[in-house]
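What follows is a short report on a single structure.
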Amino acid sequence: MSWNVGRIKSETFVKDVESHARLGSTNDRALELCAMGLPPERLPLLVLADRQTAGRGRGTHRWWSADGALTFSVVLDRNQLALPADRLPIVALLAGLAVARTLVDRLPEVPIGLKWPNDVWVMGRKLGGILIETAADGPVVVGIGLNVNNSLAQAPDELQHTAASLSDITEQPWDRSDLLISVLQNLEDELKGLPEGLTQLPRRWSRFCVLQDRMVAAQMGREQTICGVCCGISASGSLILLTEHGERHVHGATTVRIIDDR
């Protein structure tokens, strides 16, 4: 596919674009560029792949991707975010809101959801994910992968009943450049509100939160699991669970699962 780089640079906050026909991981390439040294005038920088072959999720999770998916990473200037290092995971939540807003505009009748901290859901199935990574004290990399024109008929058996793609839902192909531009515009809008706008984050997240009022299990590393009813998120981006021992604020869970039968 020929990406409309001219439109991307003229209609979004992206200043530089690196486009690949095939790439292992856009985040890996973005981190490689960070390690080589990126001058501030090139940021935000966009790394695009028409086909990603070794996409990554959080922890050791892998991300399945086929021809037609939208996979990209945005390299952001950490100094422009006005966030301390321990608050950078909030950027994943803001990226999720940017994607959700984009989808609501295009699919107003379709249920759009966000699963803390980094999954995008459509009609109760996973449409995509977000991965935030940093290079030492350097830029912040926001990786986003969405199933767009890649039919789940091509997916591994275990994904065909849990994942979704936009082309399957609407039964028509999507313009990935147009979708990308909208996500980037909404991401810029979300980031502009930092840090003052974080006071509104819990309310805005609740509109899309698929965990709200559900019993969930948050896996904290190998040894600890915290179970409780989800009460939303805090302004610092933590997941709030009402457990048998009281309210807990969860940061950095490796996995979060819904465990009730609703």
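When you scan region 243-262, do you find a residue that is closer than 30 Å to residue 13 by Cα and at pLDDT 95 or above, even just one?
no
Please go through region 173-202 and pick out each residue that is more than 22 Å from residue 147 (Cβ to Cβ), among the charged types (D, E, K, R) and out of contact with any Lys or Arg (no Cβ under 9 Å at 6 or more places or on another chain).
Residues satisfying the conditions are 188, 192, 196.
Just one of (1) under 30 Å from residue 261 (Cα atoms); (2) surrounded by fewer than 19 Cβ atoms within 10 Å (Cβ to Cβ); (3) under 16 Å from the mean Cα position of the chain (by Cα) trips up residue 188, so point out which.
If we test residue 188 against (1) under 30 Å from residue 261 (Cα atoms); (2) surrounded by fewer than 19 Cβ atoms within 10 Å (Cβ to Cβ); (3) under 16 Å from the mean Cα position of the chain (by Cα), just (1) comes out false.
On the given criteria, is residue 167 in contact with a helix residue (DSSP H, G or I) (Cβ under 9 Å, 6 or more places away or on another chain) and either touching a residue at least 60 places away in the same chain (Cβ under 8 Å) or buried (at least 16 other Cβ atoms within 10 Å of the Cβ) (or both)? Let's see the steps before the verdict.
Values: in contact with a helix residue (DSSP H, G or I) (Cβ under 9 Å, 6 or more places away or on another chain): no; either touching a residue at least 60 places away in the same chain (Cβ under 8 Å) or buried (at least 16 other Cβ atoms within 10 Å of the Cβ) (or both): yes.
Answer is no for this residue.
This table checks each residue for (1) in contact with a Phe, Trp or Tyr (Cβ under 9 Å, 6 or more places away or on another chain); (2) crowded, with 23+ Cβ neighbours inside 10 Å; (3) not in a helix (DSSP H, G or I).
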{"position": "113", "(1), (2), (3)": "yes, no, yes"}
{"position": "130", "(1), (2), (3)": "no, yes, yes"}
{"position": "136", "(1), (2), (3)": "no, no, yes"}
{"position": "141", "(1), (2), (3)": "no, yes, yes"}
{"position": "144", "(1), (2), (3)": "yes, yes, yes"}
{"position": "148", "(1), (2), (3)": "yes, no, yes"}
{"position": "153", "(1), (2), (3)": "no, no, no"}
{"position": "161", "(1), (2), (3)": "no, no, yes"}
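For a quick check of your reading of the model, give me the residue pairs whose first member lies in region 101-120 and is without any contact (Cβ under 8 Å) to a residue 60 or more places away in the chain, whose second is among the acidic types (Asp, Glu) and assigned to a loop (DSSP other than H, G, I, E, B), with beta-carbon atoms closer than 7 Å and at least 6 apart or on different chains.
Listed pairs, sorted by first residue: none to list.
Test of understanding: among 140, 74, 110, which residue is touching a Ser or Thr at 6+ places or on another chain (Cβ under 6 Å) and in the same structural domain as residue 187 (by TED's automatic domain parsing)? Break it down stepwise before answering.
Working: 74 fails: touching a Ser or Thr at 6+ places or on another chain (Cβ under 6 Å); 110 fails: touching a Ser or Thr at 6+ places or on another chain (Cβ under 6 Å).
After ruling out the rest, the residue left standing is 140.
Can you find, within region 72-91, the residue that is farthest from the chain's Cα centre (by Cα) among those that are aliphatic (A, V, I, L, M), assigned to a helix (DSSP H, G or I) and surrounded by fewer than 21 Cβ atoms within 10 Å (Cβ to Cβ)? Steps first, answer last, please.
Going residue by residue through region 72-91, those that are aliphatic (A, V, I, L, M) are 74-76, 81-83, 85, 88, 90-91.
In the following step, the residues that additionally are assigned to a helix (DSSP H, G or I) were identified as 81, 85, 90-91.
Cutting the leftovers down to surrounded by fewer than 21 Cβ atoms within 10 Å (Cβ to Cβ) gives us 81, 85.
Details: 81: 17, 85: 18 Å.
Per the criteria, the residue is 85.
Search region 181-207 for residues that are closer than 23 Å to residue 106 by Cα and pair each with any residue that is surrounded by fewer than 16 Cβ atoms within 10 Å (Cβ to Cβ) and of a type in the set (Ser, Thr, Tyr) when their beta-carbon atoms are under 9 Å apart and the residues are at least 6 apart or on different chains.
Sorted first by the residue in region 181-207, then by its partner, the pairs are 201/236.
Out of everything in region 231-250 that is of a type outside the set (Ser, Thr, Tyr) and within 19 Å of the chain's Cα centre (by Cα), what residue ends up being nearest to residue 201 (Cα to Cα)?
Per the criteria, the residue is 235.
Of all the residues that make up region 207-230, how many are more than 20 Å from the chain's Cα centre (by Cα) and in a loop (DSSP other than H, G, I, E, B)?
Adding up the residues that qualify gives 5.
Just for region 219-231: of the residues that are over 11 Å from residue 248 (Cα atoms) and of a type outside the set (Lys, Arg), which one is surrounded by the fewest Cβ atoms within 10 Å (Cβ to Cβ)?
Within region 219-231, the subset over 11 Å from residue 248 (Cα atoms) is 219-225.
Now narrow it down to the ones that are of a type outside the set (Lys, Arg): 219-221, 223-225.
Working: 219: 16, 220: 14, 221: 10, 223: 6, 224: 9, 225: 14.
By that ranking, first place goes to 223.
Of all residues in region 98-111 being surrounded by fewer than 20 Cβ atoms within 10 Å (Cβ to Cβ) and not in a loop (DSSP other than H, G, I, E, B), which is nearest to the chain's Cα centre (by Cα)? So that I can check it myself, show each step before the final result.
Residues of region 98-111 that are surrounded by fewer than 20 Cβ atoms within 10 Å (Cβ to Cβ), as a first pass: 104-111.
Subsequent filtering for residues that are not in a loop (DSSP other than H, G, I, E, B) retains 104-106.
Numbers: 104: 15, 105: 17, 106: 18 Å.
My answer is 104.
Small (Gly, Ala, Ser) and either assigned by TED's automatic domain parsing to the domain that holds residue 144 or surrounded by fewer than 14 Cβ atoms within 10 Å (Cβ to Cβ) (or both): which single residue out of 177, 238, 234 fits that description? Write out each step before concluding.
Working: 238 fails: either assigned by TED's automatic domain parsing to the domain that holds residue 144 or surrounded by fewer than 14 Cβ atoms within 10 Å (Cβ to Cβ) (or both); 234 fails: either assigned by TED's automatic domain parsing to the domain that holds residue 144 or surrounded by fewer than 14 Cβ atoms within 10 Å (Cβ to Cβ) (or both).
None of the others qualify; the one that does is 177.
Among the residues of region 148-158, is there at least one that is assigned by TED's automatic domain parsing to the domain that holds residue 84 and modelled with pLDDT of 95 or more?
Let us first name the residues in region 148-158 that are assigned by TED's automatic domain parsing to the domain that holds residue 84, namely 148-158.
If we keep only those that are modelled with pLDDT of 95 or more too, we end up with 148-149.
So far as region 148-158 goes, yes, one or more of its residues are assigned by TED's automatic domain parsing to the domain that holds residue 84 and modelled with pLDDT of 95 or more.
Just checking, does region 202-211 include any residue being among the small types (Gly, Ala, Ser) and either farther than 30 Å from residue 80 by Cβ or modelled with pLDDT under 95 (or both)? Reasoning before the result, please.
The initial filter retains those residues of region 202-211 that are among the small types (Gly, Ala, Ser), namely 206.
Subsequent filtering for residues that are either farther than 30 Å from residue 80 by Cβ or modelled with pLDDT under 95 (or both) retains none.
No - not one qualifying residue is present in region 202-211.
The values are calculated or read from the model by the stated rules, or taken from the named source; none is laboratory data. This structure is a prediction, so every number in the text was calculated from the model and none was measured. Ideal geometry is used to build each Cβ from the backbone, glycine not excepted, and the neighbour counts take in all protein chains shown.
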